[in-house]
Amino acid sequence: MEKFLKEIDGETWLVEDERDNMKLYYRIKEVISSKESPFQKINIIDSHDFGRCLVLDGVVQTTELDGYIYNEMIAHIPVVTHENPKNVLVIGGGDCGVVNELIKYKNIKTIDMVEIDRDVVEECIKHIPAVSGGSSKDGRINFLFEDGIQFVKGKDKYYDIAIVDSSDPIGPAEALFSENFYVSLKNSLKDDGIMVCQSQSPIFHKEVLKKTRSILKKHFPIVRTYKTVVPSYPGGMWSFTLASFKYDPLKADIAKLVKNTNYINNDIFNSCFSLPNFMKDSLELE
Ligand code: SAM
């Protein structure tokens, strides 16, 4: 049995070893599948409260209970902010939850999803349809199984939107938080392009958020941090950083937001950029 699965009083628990002084325990009904890819250990588990979950190297990535919150927030905000996005890039995103949100917009013509690990995509399409949805059947999505870092290096002013849906900054995703990568990503965008990335917990990973924002500030005129709450992510509160050459989400035409969502609506769109004092202080915002 993997070291993050533990038997306690006859029950199986997934123990997420997030930090030295805190662990998250999920009571499990069943381990649905277990795979070792060249990049990571992939488990699909069925848990009592969170339903089916994608777990990479013992870390929960998405769950049936709350995966839509993260996926809607990282996908809809840039799409609605951009005037008319046609070509979208997703880096990572193996659970397919993000592309499943993007296909709700008819004006998007192509979605290149560049995921390093084919096995993650196959496992999620097979075992967690509540998250991956019908995305694999939408002809606008090109699944490209490559390293996102190398992929963006060859792209020049092609995408309207780039979404970095990465795992935590360790292992294959570490370089997805580096300045070199953000510069390549910037070059892959058209002159009015927008990029967005998940920038970790504003409480537990303050330094990641701060660094991400300060790097993007050097390269883009408009940078906005926004937040949401994802119960299965350590600390609950989660941050995203959007960087844009021209369009400001604070001036977006939110009437374009689709209605078939579970979390995001006009009120959430407007309020997610309002940050609590501890975040403003740490990011040195007014
Ligand atoms: N929403 C999730 C979260 O914040 O925890 C992450 C979603 S998704 C599962 C992250 C994906 O990024 C993984 O499937 C992983 O294989 C992929 N990934 C990691 N490094 C990558 C790289 N260098 N290029 C492309 N994909 C990468």
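The values are calculated or read from the model by the stated rules, or taken from the named source; none is laboratory data. Predicted, not measured: the structure shown is a model, and the values here were computed from it. So basically every Cβ, Gly included, is an ideal-geometry build from the backbone, and we count neighbours across all protein chains shown. Only protein heavy atoms, including side chains, enter the accessible area calculation; ligands, DNA and RNA are left aside. Shrake-Rupley method; radii C 1.70, N 1.55, O 1.52, S 1.80 Å.
Structure summary
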item	result
Dipole moment magnitude, nearest 20 debye, the chain about Cα centre, only Lys, Arg, Asp, Glu C-beta charged	1080 debye
Gain upon complete extension [residue 214, residue 57; 0.36 nm per residue less C-alpha separation]	53.6 nm
Radius 12 Å from Cβ of residue 122, net charge of other residues (Lys, Arg +1; Asp, Glu -1)	-2
Karplus-derived 3J(HN,Hα), 6.51/-1.76/1.60, for each residue of the stretch 180-188, Hz, glycine and proline x	4, 5, 5, 5, 4, 5, 4, 5, 7
Burial ranking of peptide ranges 252-263, 147-158, 94-105 (average Cβ count within 10 Å, highest at the top)	94-105, 147-158, 252-263
Area accessible to solvent at residue 216, 1.4 Å probe radius, in Å²	0 Å²
Helix-only mean residue ellipticity at 222 nm for the chain, each DSSP H run of n ≥ 4 adding -39500 (n - 2.57), per residue, nearest 500	-7500 deg cm²/dmol
Qualifying GluC sites (Glu not before Pro) for the stretch 30-89 [loop in DSSP, other Cβ within 10 Å: at most 14]	83
Reach of residue 109 by Cα under 27 Å, taken over lysines that are not fewer than 8 positions away in the same chain	86, 126, 137, 153, 155, 157, 186, 190, 246, 251, 256, 259
Cut-off 14 Å between beta-carbons: net charge of the residues surrounding residue 279, Lys and Arg +1, Asp and Glu -1	+2
HN-Hα J in Hz across the stretch 116-128 - Karplus 6.51, -1.76, 1.60, θ = phi - 60°, x for Gly and Pro	5, 10, 4, 4, 4, 4, 4, 5, 6, 5, 6, 10, 10
Rounded, prolate or oblate (a/c below 1.5 giving rounded, otherwise prolate when a/b exceeds b/c) for the stretch 67-283 by Cα gyration tensor	rounded
Approximate spin-label separation residue 273-residue 174, in nm, with each point projected 7 Å along Cα-to-Cβ	3.5 nm
